[in-house]
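To start, the structure under review is shown below, and the notes come after it.
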Amino acid sequence: YKYISYGIGEDIKKVKFSEPILRPQKKPTICMIFSGQGPQTINMGRVLYKQFPVFRETINKCEKIMKEFMGISLIEDIGMFENKIEKPERFISTLNRPLYSTPALIFVQLALFELWKSFGIVPDVVMGHSLGELAAIYAAEAIDLEEAVKILCTRANLMEKLKPSGGMIAIGCSEERA
C-alpha cells in the first residue's frame with residue numbers, strides 16, 4: 001500500500017482515522033556494526049546456541065576449524081554455550097584471556113550475522129571496530145568462514161603472547177573540566 005493511516009476506538013463506525021501519509025516505497029538501508037574486544041560475558045550466545053540451529057551450526061563450524069588449526073575448543077575447554085557453568089570465576093578468568101575471548105566474540109558475531117541472514121535480513125553496509133573488522137570482512141563476503149577463523153586464531157595466539165601493559169580509563173566530567 002502506498003498510503004497508511006491509523007485509528008483507535010471501540011466502535012469501528014465511530015473511529016476517527018488519521019490523515020493518510022505516504023509510506024516509504026524504498027527498502028531502508030541496513031547497517032551491521034561489529035564490536036571489538038571487551039564485551040564478552042558469561043552467558044554470551046548461550047540461549048541463541050540452544051534455540052537457533054543456524055546459530056549453533058555456525059558456532060560448531062567455527063569450533064571445528066579452530067580445533068583443527070589451533071587444537072583448542074571454546075565448548076570442550078571452557079564450557080562455552082553449556083547450560084550451566086560449574087565454576088563461573090574460573091570460566092570468566094579464562095574467557096578474558098585473548099586466546100579464548102577473541103574467538104568467543106567473533107564466533108558469536110559470525111553466528112549472529114548468519115542468523116539475521118536466515119531471517120532475510122542482509123546488510124547494505126557493514127562496519128567493524130578493531131576485532132570486529134574481521135566479522136565485517138566476513139559479512140561483506142570478502143573472505144569465507146575458514147579464512148575468518150584462521151585469521152582470528154592467528155590474532156588470538158599473537159595477542160595471548162603479549163605481556164599486559166598499560167591501561168584504559170573512562171572518566172565522566174563536563175566539557176569545561178576536561
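So, of the residues in the stretch 144-178 that are basic (Lys, Arg) and at pLDDT below 85, which turns out to be most open to solvent (accessible area, probe 1.4 Å)?
Of the stretch 144-178, the ones basic (Lys, Arg) are 150, 155, 161, 163, 177.
Retained after the next criterion (residues that are at pLDDT below 85): 163, 177.
Working: Lys163: 172, Arg177: 195 Å².
It comes out as Arg177.
Looking only at the stretch 72-109, which residues are touching a strand residue (DSSP E or B) at 6+ places or on another chain (Cβ under 9 Å) and over 22 Å from Lys161 (Cα atoms)?
Result: Gln109, single match.
Would you tally the residues in the stretch 72-98 being buried (at least 17 other Cβ atoms within 10 Å of the Cβ), touching a residue at least 24 places away in the same chain (Cβ under 8 Å) and assigned to a helix (DSSP H, G or I)?
Final tally of qualifying residues: 4.
Tally the residues that are touching a residue at least 40 places away in the same chain (Cβ under 8 Å), within 14 Å of the chain's Cα centre (by Cα), within 19 Å of Arg56 (Cβ to Cβ) and open to solvent by less than 60 Å² (accessible area, probe 1.4 Å), restricting the search to the stretch 113-138.
4
Among the residues of the stretch 39-58, count how many are more than 27 Å from Asp124 (Cβ to Cβ), modelled with pLDDT under 80 and open to solvent by less than 80 Å² (accessible area, probe 1.4 Å).
Of the residues in that region, 3 qualify.
The values are calculated or read from the model by the stated rules, or taken from the named source; none is laboratory data. As the structure is a computational prediction, the values presented were derived from the model and not from experiment. All Cβ positions, even for glycine, are placed from backbone atoms using ideal geometry, and neighbour counts span all protein chains on display. Only protein heavy atoms, including side chains, enter the accessible area calculation; ligands, DNA and RNA are left aside. Shrake-Rupley method; radii C 1.70, N 1.55, O 1.52, S 1.80 Å.
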